[in-house]
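Everything on this sheet refers to the single structure shown next.
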Amino acid sequence: MPSDVDLPILRLMTRADLPVADRLRAQAGWNQTSADWERFLSGAPEGCFVMEAASGVVGTATTLSYGQDLAWIGMVLVDPDHRRRGLGKALLGHCLEHLRSQGISCIKLDATPMGRPLYAALGFQDEWPLTRWATDSAPMVEDTGEDGGDVRQLRPEDWPALLDLDRPAFGVDRAHVLQALVQHGSQVLVRSRRDGTLSGYGMIRPGSRAHYLGPVVASDQDTATTLARSLMIRANGEAVFWDIPDRNAETAQLASDWGLTAQRSLMRMHCGPNLHPGNPSLIHGIVAPETG
Ligand SMILES: CC(C)(COP(=O)(O)OP(=O)(O)OC[C@H]1O[C@@H](n2cnc3c(N)ncnc32)[C@H](O)[C@@H]1OP(=O)(O)O)[C@@H](O)C(=O)NCCC(=O)NCCS
């Protein structure tokens, strides 16, 4: 146990902190990778923080700005030996201060059951629940022959249509985040209509424990199912995590039918006026809890 004289200090995260930050991540059993930490830090070099004790880094938190209207807080982690001493609260309070000083009106996060009381105490309100669906071995779901059909890999010229689909779903433009995911190895599939617009898109990427299926954004259930099937095949029978908003019960049922089990509940929460709530009915898989 830490002594009373070991008062951690809060400071900006640097690249040198990433190996320890990733150890805290692994300790909590989370799925992000070193590449994810690099992405968080390069996306917000002035907005990622650590708590440093005499023994080293014992806490982390990241922020991600979606312009002036919305920002996200993620990777709130405190070493188990240093919990219940106010470090989580201090990290979160600093993130809020940092984002508000930039004039950002609404701040969101996806809370674990452990984090939720802390966030509620700081003024966050529940928005909607989601569930992590997981399997150790992805189902070998039937291949619908996407290469000859209307599901195909993303082409550079699809980006405007993809973003037109995504914006009303998420609430604000998040091109920078989606493009960074693709640069860091996410595979992207789209389903196109005859007129060139898209009825959906979906991604799958590597994680430290499992492939992460998401985001999946679709204008109708058939598209969500078709995309999810084509993405699931890409997990090659290996472990998969998939975070699905609870309101999309048909998609959750699909995950269950494919043998995934509900691993944990998360609550999307917001602080400040939720002026751009998006439409979670269109979201059949989030990007990630630390990202939105
Ligand atoms: C959630 C977490 C970051 C909290 O860190 P922490 O440093 O222990 O939090 P604090 O000491 O600042 O707690 C602040 C307040 O939040 C509440 N709180 C924190 N953890 C709680 C818990 N497990 N149950 C109930 N209330 C809790 C309490 O009101 C606490 O104040 P108190 O101890 O004076 O009553 C830490 O438990 C953790 O890293 N958990 C694993 C990762 C995780 O789930 N992170 C949250 C991601 S959304």
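The values are calculated or read from the model by the stated rules, or taken from the named source; none is laboratory data. None of the values given here were measured: they were computed from a predicted structure. A quick note on method: Cβ atoms are made from the backbone with ideal geometry, for glycine too, and the neighbour counts reach across all protein chains shown.
Output the residues belonging to the range 252-266 that are under 26 Å from I73 (Cβ atoms) and either touching a Leu at 6+ places or on another chain (Cβ under 8 Å) or in a helix (DSSP H, G or I) (or both).
Hits for the range 252-266 are A252, S265, L266.
For the range 96-118, how many residues are more than 8 Å from the ligand (Cβ to nearest atom) and either part of a strand (DSSP E or B) or under 16 Å from G29 (Cα atoms) (or both)?
Number satisfying all stated conditions: 3.
I'd like to know if the range 264-272 contains one or more residues that are within 18 Å of S65 (Cβ to Cβ) and more than 17 Å from the chain's Cα centre (by Cα).
yes
Tell me which residues, restricted to the range 180-203, are in a helix (DSSP H, G or I) and surrounded by 14 or more Cβ atoms within 10 Å (Cβ to Cβ).
Result: A180, L181, V182.
Looking only at the range 187-222, count every residue that is at pLDDT below 95 and farther than 19 Å from P168 by Cα and tell me the total.
Matching residues across the range 187-222 total 2.
Has the range 2-17 got at least one residue that is touching a residue at least 12 places away in the same chain (Cβ under 8 Å), more than 22 Å from R83 (Cβ to Cβ) and either part of a strand (DSSP E or B) or within 16 Å of the chain's Cα centre (by Cα) (or both)?
Yes, some residue in the range 2-17 is touching a residue at least 12 places away in the same chain (Cβ under 8 Å), more than 22 Å from R83 (Cβ to Cβ) and either part of a strand (DSSP E or B) or within 16 Å of the chain's Cα centre (by Cα) (or both).
Test P2 against the criterion of being surrounded by fewer than 19 Cβ atoms within 10 Å (Cβ to Cβ), at pLDDT 95 or above and over 22 Å from S208 (Cβ atoms), and give yes or no.
Judged against the criteria, P2 is not a match.
Of everything in the range 54-113, what is in contact with a strand residue (DSSP E or B) (Cβ under 6 Å, 6 or more places away or on another chain) and acidic (D, E)? Give them in sequence order.
D79, D110 - these are the residues of the range 54-113 that are in contact with a strand residue (DSSP E or B) (Cβ under 6 Å, 6 or more places away or on another chain) and acidic (D, E).
Condition first: in a helix (DSSP H, G or I) and either free of Cβ contacts under 8 Å to residues at least 60 places away in the same chain or outside the structural domain of D36 (by TED's automatic domain parsing) (or both). Can you find one or more residues in the range 212-219 that meet it?
No, there is no match, as no residue in the range 212-219 is in a helix (DSSP H, G or I) and either free of Cβ contacts under 8 Å to residues at least 60 places away in the same chain or outside the structural domain of D36 (by TED's automatic domain parsing) (or both).
For the range 26-95, please list each of the strands (runs of 3 or more DSSP E) lying entirely inside it that holds at least 3 residues being within 19 Å of R268 (Cβ to Cβ), away from the ligand (no atom under 12 Å from the Cβ) and more than 19 Å from the chain's Cα centre (by Cα).
Counting at least 3 such residues, we get no strands (runs of 3 or more DSSP E) at all.
Considering only the range 77-95, I want to know if a residue exists there that is acidic (D, E), touching a residue at least 12 places away in the same chain (Cβ under 8 Å) and surrounded by fewer than 21 Cβ atoms within 10 Å (Cβ to Cβ).
There is at least one residue in the range 77-95 that is acidic (D, E), touching a residue at least 12 places away in the same chain (Cβ under 8 Å) and surrounded by fewer than 21 Cβ atoms within 10 Å (Cβ to Cβ).
Would you say E146 is more than 13 Å from the ligand (Cβ to nearest atom), of a type in the set (D, E) and either modelled with pLDDT of 95 or more or surrounded by 20 or more Cβ atoms within 10 Å (Cβ to Cβ) (or both)?
no
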